[in-house]
Amino acid sequence: MSAAISITDLQVVYDRFHALNGVSLEVEAGESFGLVGESGSGKSTLLRAVAGLAPVSAGTISVNGQKLGPRRDKAFYRQVQMVFQDPYGSLHPRQTVDRLLQEPLAVHGIGDGETRIQRALDEVGLGSGFRFRYSHQLSGGQRQRVAIARALILEPSILLLDEPTSALDASVQAEVLNLLEEVRRARGLTFLMVSHDLAVVTHMCGRLMVMRNGETVEMLSAAELATRQASHDYTQRLLAASDGFVRHPGTFSPG
Amino acid sequence: MTPLLDVDDLRVTYPTRTGEIKAVRGVSFSLGRERLGIVGESGSGKSQTGRAIMGLTPPQAVVTARTLAFDGKDMLKMTPRERRALRGKRIAMILQDPKYSLDPVMTIGSQIVETLRAHENVARAEARDRALSMLEAVQIRDPKRVFNLHPHEVSGGMGQRAMIAMMLIAGPELMIADEPTSALDVTVQLDVLGILDRLVSTHGMGLIFISHDLRLVSSFCDRVVVMYAGKVVEQLPASELHNAEHPYTRGLLDCMPKIGADRHPLPVLARKAEWAT
């Protein structure tokens, strides 16, 4: 299989701050790949660099075999779409769901808007009853479904997911994760997913990369992570942290 | 012995143009010198419960309760002045994001000193010394430097430690922590919880830990109150959480992805209308 996304020695510099420092990555077509790390690790910057939202100062990004220049054309955005973390901030507050979904169709000059919007809404489990609502009339989970519908309406082959469920409640998170898995299976999509939650990433992705300070810590499969075969200290610490709080009675100092 | 905090049938209602919104609908629990977790999803009324105990409910809302007693005294019958004397001195609260809960134009040190001098009659130099030793107690490595920094100059974890220091300086007996670590990275989260845990046990405080994270609460607290739609659906010891009886608690535990469990699709929570009644 060919690589859907291929990144070599990518560097992103803001002023003098190196947000990404020589990161390389290959994601196969149809694969679901996870990026894990804490804030400031560069995981979101990597995603944004692929989408053309971060200033790349060195290195190359290829998508479906095509090397990307500093500017992305329309054809690129028909292949690659992004879902953002905060469904409260990523939907236009004064546009109805219908208008939100029409926007990408208008930009790309696609006809049959009617049927596409119907189908997109059905696909994300929102009936046509939601079509003429404003985003403030929707719950967080419903908003994220609209954001997914908007990303899917152009029928991309790659979806970039930036913490798609971290603003949602646990029960809603489960629904959105199931929806994402379902559309991936139905359409054979490639996912590049960012999350700080190891459990979410191991659930969704086959392989993942642990990042820290703009660099790769290690690359491992979800199965290796699940059996705790992480070779790097930092990954082990993240794993331990995701188990919850552990009380160390020995470390109590008398007050 | 009277419990530290006794809450019986607490209700918080917001009158709006389209009718009343009942944010909290009859919550009852009592708290000793222990760690109590309040868990629920957004809109369950967990934060409103914490704010009502602290007395921070906005003025348009109506707070009623059969009893809302702190150390045997009914707080709803107190004058605003008595309530104010309690707040910060004997009951303290930590909020979610230190970026918003610290004053951006005051140095961290002067904020801590201000809290102390508002509640105790101490000299400036002594207040400074106590603030510095408090910063040291929350494991800030260079307290002298941090004392003179503004909140935007420190990281999230450092800011939350400063917040904890500020809240502990007056020696409160009850601490309400509303999502104290949700804005922090996982590894920092555990450091901050460790500090909170140690200080709570050494000072013998009661702690109300409000969180949406069932896993974190069950590993940190002694007892857990699960809230849904403004009501308590279940109260149980944290160690017994895996034996929870209520379908909501079970569903909430079940729907989280777990490392090493291969469940596709994830079980989703089927909400039932009768839970909310």
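Within the range A:131-149, count every residue that is without any contact (Cβ under 8 Å) to a residue 60 or more places away in the chain and under 12 Å from A:Leu100 (Cα atoms). Give the steps one after another, and end with the answer.
First, the residues of the range A:131-149 that are without any contact (Cβ under 8 Å) to a residue 60 or more places away in the chain: A:131-143, A:145-146, A:149.
With the extra rule that they be under 12 Å from A:Leu100 (Cα atoms), the set shrinks to A:131-135, A:143, A:146, A:149.
Number of matching residues: 8.
Taking the stated definitions as given, is A:Glu218 surrounded by fewer than 19 Cβ atoms within 10 Å (Cβ to Cβ) and free of Cβ contacts under 8 Å to residues at least 12 places away in the same chain?
no
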Options A:Arg94, A:Arg72, A:Arg116; residue that is surrounded by 14 or more Cβ atoms within 10 Å (Cβ to Cβ) and in contact (Cβ under 8 Å) with a residue 24 or more places away in the chain: A:Arg116
Residue selected from the range A:182-193 under the condition touching a residue at least 60 places away in the same chain (Cβ under 8 Å) and not aliphatic (A, V, I, L, M), by the criterion farthest from the other protein chains (Cβ to nearest Cβ): A:Thr190
Which numbered condition A:Ser128 fails, given (1) modelled with pLDDT under 90; (2) under 27 Å from A:Gln236 (Cα atoms): (2)
Qualifying residue in the range A:169-181 (condition: hydroxyl-bearing (Ser, Thr, Tyr), within 23 Å of A:Ser62 (Cα to Cα) and either more than 9 Å from chain B (Cβ to nearest Cβ) or surrounded by fewer than 24 Cβ atoms within 10 Å (Cβ to Cβ) (or both)): no
Flag for A:Ser166 being within 14 Å of another protein chain (Cβ to nearest Cβ), surrounded by fewer than 20 Cβ atoms within 10 Å (Cβ to Cβ) and within 13 Å of the chain's Cα centre (by Cα): yes
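Sort through A:Ser57, A:Ser62 and tell me the only one that's in contact with a Ser or Thr (Cβ under 8 Å, 6 or more places away or on another chain), in a strand (DSSP E or B), surrounded by fewer than 22 Cβ atoms within 10 Å (Cβ to Cβ) and hydroxyl-bearing (Ser, Thr, Tyr).
On the way: A:Ser57 fails: in contact with a Ser or Thr (Cβ under 8 Å, 6 or more places away or on another chain).
Just a single option satisfies the conditions, and that option is A:Ser62.
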Residues that are within 21 Å of B:Leu196 (Cβ to Cβ) and within 24 Å of the chain's Cα centre (by Cα), drawn from the range B:144-162: B:Pro151, B:Val154, B:Ser155, B:Gly156, B:Gly157, B:Met158, B:Gly159, B:Gln160, B:Arg161, B:Ala162
The one condition in (1) more than 10 Å from chain B (Cβ to nearest Cβ); (2) out of contact with any Gly (no Cβ under 7 Å at 6 or more places or on another chain) that A:Ala199 fails to fulfil: (1)
Condition met for B:Lys144 (surrounded by fewer than 21 Cβ atoms within 10 Å (Cβ to Cβ), farther than 21 Å from B:Val217 by Cβ and touching a residue at least 60 places away in the same chain (Cβ under 8 Å)): no
Qualifying residue in the range A:229-240 (condition: more than 7 Å from chain B (Cβ to nearest Cβ), buried (at least 22 other Cβ atoms within 10 Å of the Cβ) and not in a strand (DSSP E or B)): yes
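Just the residues that are polar (S, T, N, Q) and within 11 Å of another protein chain (Cβ to nearest Cβ), please, taken from the range B:156-184. Write out each step before concluding.
Keep residues of the range B:156-184 that are polar (S, T, N, Q), which gives B:160, B:181-182.
Selection gives B:Thr181, B:Ser182.
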Neighbours by Cβ (under 6 Å, 6+ apart or cross-chain): first from the range B:242-268, charged (D, E, K, R); second crowded, with 16+ Cβ neighbours inside 10 Å: B:Arg250/B:Ala244; B:Lys258/A:Ala199
Strands (runs of 3 or more DSSP E) completely within the range B:16-64 that count 1 or more residues being within 28 Å of B:Asp222 (Cβ to Cβ) and over 15 Å from the mean Cα position of the chain (by Cα): B:19-31, B:62-64
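Within the range B:128-165, how many residues are hydroxyl-bearing (Ser, Thr, Tyr) and assigned to a helix (DSSP H, G or I)? Break it down stepwise before answering.
Applying the first criterion (hydroxyl-bearing (Ser, Thr, Tyr)) to the range B:128-165 yields B:133, B:155.
Filter once more, so that each one left must be assigned to a helix (DSSP H, G or I): B:133.
Final tally of qualifying residues: 1.
The values are calculated or read from the model by the stated rules, or taken from the named source; none is laboratory data. A quick note: this is a predicted structure, and the numbers were derived from the prediction, not measured. With ideal geometry, Cβ positions are generated from the backbone for all residues, glycine too; neighbour counts draw on all protein chains shown.
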